[in-house]
Structures are given as structure tokens and as C-alpha cells.
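The values are calculated or read from the model by the stated rules, or taken from the named source; none is laboratory data. All of these numbers come straight from a predicted model, not from anything done at the bench. All Cβ positions, even for glycine, are placed from backbone atoms using ideal geometry, and neighbour counts span all protein chains on display.
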Amino acid sequence: MVEEKDKRGWVLPGGGGGGVGGGGGGLSLLLATHPHHHYHHPHTVSASDVANRAAGQATAAAESQAEAARVAAAAASRKVAAKASSAAQKAQAAAAAKFTQAAQLTQAAQLAQAAVLKEAAGVAQTARTLRAAEATQLLALSQIKALQEALGAAEAQAAVAGQVLSAATHSHQHQSSSFSQAQSTAMTLLQKQSVAVRQLASTQGAAQQAQAAATKALYKAHPHHSTTTSRIH
């Protein structure tokens, strides 16, 4: 049987390819565990690193969605409150103006009535009293029309405020739905991460068992290396 030495000085039976465990493949495991031939994988990532990274990403995504939902809801509430307050102030101002006009109308009517009573004794004053009454009537009709217009404006402002409130409510519901979806996505990612960690742990266990089996097989195939192998165990 021809024996060869690899670059590390180990003797490979059968040309290095037909030995136990595939020759070079099994010996590589043995050499990887030799105290003078360490081999490190520079890009190896532990299961805890993978789990922590995935959990951090899921938590950051959920917090970002939650913060966006809170900010949008607060902005919508402030906007609705501002518009509703402005509409209420305008309606109150219009009503106050019309109430002032109504008070003036009442005072004018009282004055007209006093004039009618004062002039009732004189026939000569009847025509003038009649004209004053007609003017008072026209003023009253004008004030009634103005009050009706003010009432219409107040109703229009109330309708606008209702539309704004409805839009804000819809926006709040949409933001709440987006937040619920973000939470669901985060939970799904956490579940997938948990499954991946369990699978990784299972794979690492199987790899360790395979390495131990290969080491034992190489020990049986090369008993003259008992000193080195005993150090490995």
C-alpha cells in the first residue's frame, strides 16, 4: 500500500482518497481538533446573535409602527379640535351679533309703540304714526331675514365640523388597524425566529455527534496516533 504525506505531515493510506471515512474528509475533522492545528470560521454567527438580532428588528418595527400610530392619532385629534373650536366661535359671534340686533329691534318697536300711544290723540299724527309702524315692520322683517341667514351659516359650520370629525375618526381607525397589523407581523417574526433557533440548535447537535463519530472512526483506523487522539478526547 502506497503512503503519502499531506502538507501537515500526516500519513494517508491508499493514496489519501480511499481511507476510512473518505480519507481526506475524515482526517480533516481530526486535524481540526488537533491542539496544534486550529481552524476557525471567521464568519460563524452564534444562535444567540441571530435570535437577538431578529428580536431587536421585530421590536424596533413594532415600536416604530406604534409611535407612528400615536403621532397620527394625536395630530388628527388636534386638527379636529381646532376646527371645531373655530366653527363654534364663529357661530357664537354670529349669534351674539344677531341677538344684539334683535334687542335693538325690540327697543325700536317699544319706541314705535310709545309714539303710537302718544300720537293716538291727534288725528294729524295718524299718518306719521302709520309710517313709523311700517318702517318698524320692515326693520323687523329685515332682522328676521338676517337671523335666518345667521342660522343657516351656523348650520353650515356645524356640518363642516361633522365632516372633519368623521374624517378624523376614519383616520384614527386606519392607524389603529395599521398598528394591529404591525403587532401581528412582529409576533410572526418572533415565532419564526424561535423555530429557526430550535432548528439551529438541532443542527449543531447533529454536527457535534457526527464529528465525535468521525473522530472515533479515525482513532480506530489509526491506532498509532493514540497519543494525539487521547488528547482530543
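Please tell me if VAL80 is closer than 30 Å to SER166 by Cβ and either at pLDDT 80 or above or in a helix (DSSP H, G or I) (or both).
Details: closer than 30 Å to SER166 by Cβ: yes; either at pLDDT 80 or above or in a helix (DSSP H, G or I) (or both): yes.
Here the answer is yes, as VAL80 does meet what is asked.
Considering only residues in the stretch 145-167 that are loosely packed, with under 12 Cβ neighbours inside 10 Å and not charged (D, E, K, R), the one that is nearest to THR106 (Cα to Cα) turns out to be GLN148. If the condition is being at pLDDT 60 or above, surrounded by 11 or more Cβ atoms within 10 Å (Cβ to Cβ) and closer than 30 Å to ASP49 by Cβ, then the stretch 202-233 contributes THR203, GLN204, ALA210, GLN211, ALA212, ALA213, ALA214, THR215. Contact annotation: residue pairs with Cβ atoms under 9 Å, 6 or more positions apart or on different chains, pairing a residue in the stretch 97-113 that is closer than 20 Å to GLU149 by Cβ with a partner that is at pLDDT 85 or above and of a type in the set (D, E, K, R), are LYS98/GLU149.
Listed conditions (1) under 30 Å from ALA154 (Cα atoms); (2) surrounded by 13 or more Cβ atoms within 10 Å (Cβ to Cβ) are all met by ALA115, apart from (1).
ALA153 meets the conditions (1) in contact with a helix residue (DSSP H, G or I) (Cβ under 7 Å, 6 or more places away or on another chain); (2) of a type outside the set (S, T, N, Q); (3) farther than 30 Å from LYS90 by Cβ in every case but one. The failed one is (3).
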